[in-house]
Amino acid sequence: MYRMLKPNPVILHKTEPQVQQEIHACIGCNECLLACPALAEPITIDVLNRETIAGTISEPVARFTRACYQCGACVSPCPAGLHRDAMMMWLKVRLLAQNKNGW
Amino acid sequence: MQIDRKGYPWFFLDPGKPWKNTLIVTMLLVVLALGSFILYQRMSPDPTPDSIGGYTYAILATLCMILASILYTRRRRSRKRQVGELNTSLHWHVTLGILALVFAFLHSFGNFNPRTGTYALYGMISLVLSGVIGRILDRMVPRMIANAASKALTEYGDDRIEYISDSVQQLVTHNSQGLQTIAKTKTPVKQQKRQVNPVTLGNPVSTGGSSLPESWDIAYISLSETPQEANRDAQQYRFVPDRKSPLNTPGALLPGVNDHITELKIVQQAMQREQFYRAIVRYWRFVHVALVIITIGLVLWHLEFAFSLLIPVFLHH
């Protein structure tokens, strides 16, 4: 309860180089996806990592990206101490850019 | 795999299997509950909260409420789960919450007197409403956060503040280089002026090689610039234009800086918005949890009240 109230001034979005760095550090244990309450369909971590960095975004990954509500449940189980929520935010920014580019 | 063409619209619906299943079950159970309520009202001579039907609805509402809170919490804390199980569990949490509210409504049989039961019902309504609003916020706010984050990043995904700072730094460097060039062109003239008569300027009392000690006249002050004196090319001594001059417009002496400062402010505002949106999501969750505690308290109060009425009746029988 106290953890919820504690102010956290950290800005969560990360730059692309930082996201790339985190994805390269990912050990692919799947813990973040297991802890995610927004993920409704089976997505493998390697597909998610690959599409987060660059290239086209497939429909299941896009659905997951839209469904992600940044609760941060994926951060604490990560044994490598990575921020999957920040990576998902980067994917969201990429999806938004698709809208702006007129896809 | 198909490539996504939907992007990230404000209003989107991606109905997955768990969502469809729980929606069907919720609708079926709500219809069944309403049907049973209509039937009971027509057939029973005593359609009140403390009738058999009323108690059944009360038990069902309490069960749904307990299951809604326990099942999801247990699943979330469990280590043995598969991908997507938590999402299914979250959908059941919503279903059970809605069913608990429906059963609580049916249990009231239209009696909304200001008693413990009505307060418990109000608690339940606010709890379910907070959950529904929370789900809406969960869909809208992350998009707003992404929008703010995209403003704080360049189109290549770099930090925009860093990019603007670099641009301003380049401008300043460029301007200071210009000043240094001016200073360099001025220096020989100064040196030439100084070299007109170094002996005379350096020591005015020198007479044909034999000079008196420098300290003989302390009233003498050199007219040449000493290192202690301020540099005339320094920023504060730069040209100050006339009020009507176009150079007096903000940023005219440092072209491009004002645009950068405006852009910097936009980025700062975007980052503040991002923090604010994150706070909304976090504190709404806190409101929901707080309402759970309040509703549990109100329900316990109502149960205590109900038992205080029921126990004497049972004992009498």
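So if I check each of B:Leu60, B:Leu129, which one is part of a helix (DSSP H, G or I), without any contact (Cβ under 8 Å) to a residue 60 or more places away in the chain, within 25 Å of B:Val31 (Cα to Cα) and under 28 Å from the mean Cα position of the chain (by Cα)?
Of the residues listed, the single one that is part of a helix (DSSP H, G or I), without any contact (Cβ under 8 Å) to a residue 60 or more places away in the chain, within 25 Å of B:Val31 (Cα to Cα) and under 28 Å from the mean Cα position of the chain (by Cα) is B:Leu129.
When residues of the range A:75-94 are filtered for being at the interface with another protein chain (Cβ under 7 Å from one of its Cβ atoms) and over 8 Å from the mean Cα position of the chain (by Cα), how many remain?
Total meeting the criteria: 2.
What is the one condition in (1) aromatic (Phe, Trp, Tyr); (2) surrounded by fewer than 16 Cβ atoms within 10 Å (Cβ to Cβ); (3) in contact with a helix residue (DSSP H, G or I) (Cβ under 8 Å, 6 or more places away or on another chain) that B:Phe37 does not satisfy?
(2)
Kindly provide the set of residues from the range B:40-57 that are surrounded by fewer than 11 Cβ atoms within 10 Å (Cβ to Cβ) and part of a loop (DSSP other than H, G, I, E, B), ordered by number.
Of everything in the range B:40-57, just one residue is surrounded by fewer than 11 Cβ atoms within 10 Å (Cβ to Cβ) and part of a loop (DSSP other than H, G, I, E, B), namely B:Pro45.
Filter the range B:8-23 down to the residues that are assigned to a helix (DSSP H, G or I) and surrounded by 15 or more Cβ atoms within 10 Å (Cβ to Cβ) and list them by number. Walk me through how you get there before you give the answer.
Step one: of the range B:8-23, the residues assigned to a helix (DSSP H, G or I) are B:17-23.
Listed by number, the residues that qualify are B:Pro18, B:Trp19, B:Thr22.
Restrict the check to the range B:76-99 and report whether at least one residue is at pLDDT below 90, part of a loop (DSSP other than H, G, I, E, B) and buried (at least 21 other Cβ atoms within 10 Å of the Cβ).
yes
Against the definition (touching a helix residue (DSSP H, G or I) at 6+ places or on another chain (Cβ under 9 Å) and at the interface with chain A (Cβ under 10 Å from one of its Cβ atoms)), how does B:Glu162 come out, yes or no?
Numbers: touching a helix residue (DSSP H, G or I) at 6+ places or on another chain (Cβ under 9 Å): no; at the interface with chain A (Cβ under 10 Å from one of its Cβ atoms): yes.
No: the conditions fail for B:Glu162.
Output the number of the condition that B:Leu264 fails; it satisfies all remaining conditions of (1) surrounded by 14 or more Cβ atoms within 10 Å (Cβ to Cβ); (2) more than 14 Å from chain A (Cβ to nearest Cβ); (3) modelled with pLDDT of 90 or more.
All conditions pass for B:Leu264, except number (3).
Only one residue in A:Gly102, A:Gly72, A:Gly55 is out of contact with any His (no Cβ under 8 Å at 6 or more places or on another chain), surrounded by 12 or more Cβ atoms within 10 Å (Cβ to Cβ), more than 7 Å from chain B (Cβ to nearest Cβ) and modelled with pLDDT under 90, so which one is that?
Step by step, each of A:Gly102, A:Gly72, A:Gly55 is checked, and only A:Gly72 is out of contact with any His (no Cβ under 8 Å at 6 or more places or on another chain), surrounded by 12 or more Cβ atoms within 10 Å (Cβ to Cβ), more than 7 Å from chain B (Cβ to nearest Cβ) and modelled with pLDDT under 90.
The values are calculated or read from the model by the stated rules, or taken from the named source; none is laboratory data. None of these values were measured; they are calculated from a predicted model. Note that each Cβ is placed from the backbone with ideal geometry, even for glycine, and that neighbours are counted across all protein chains shown.
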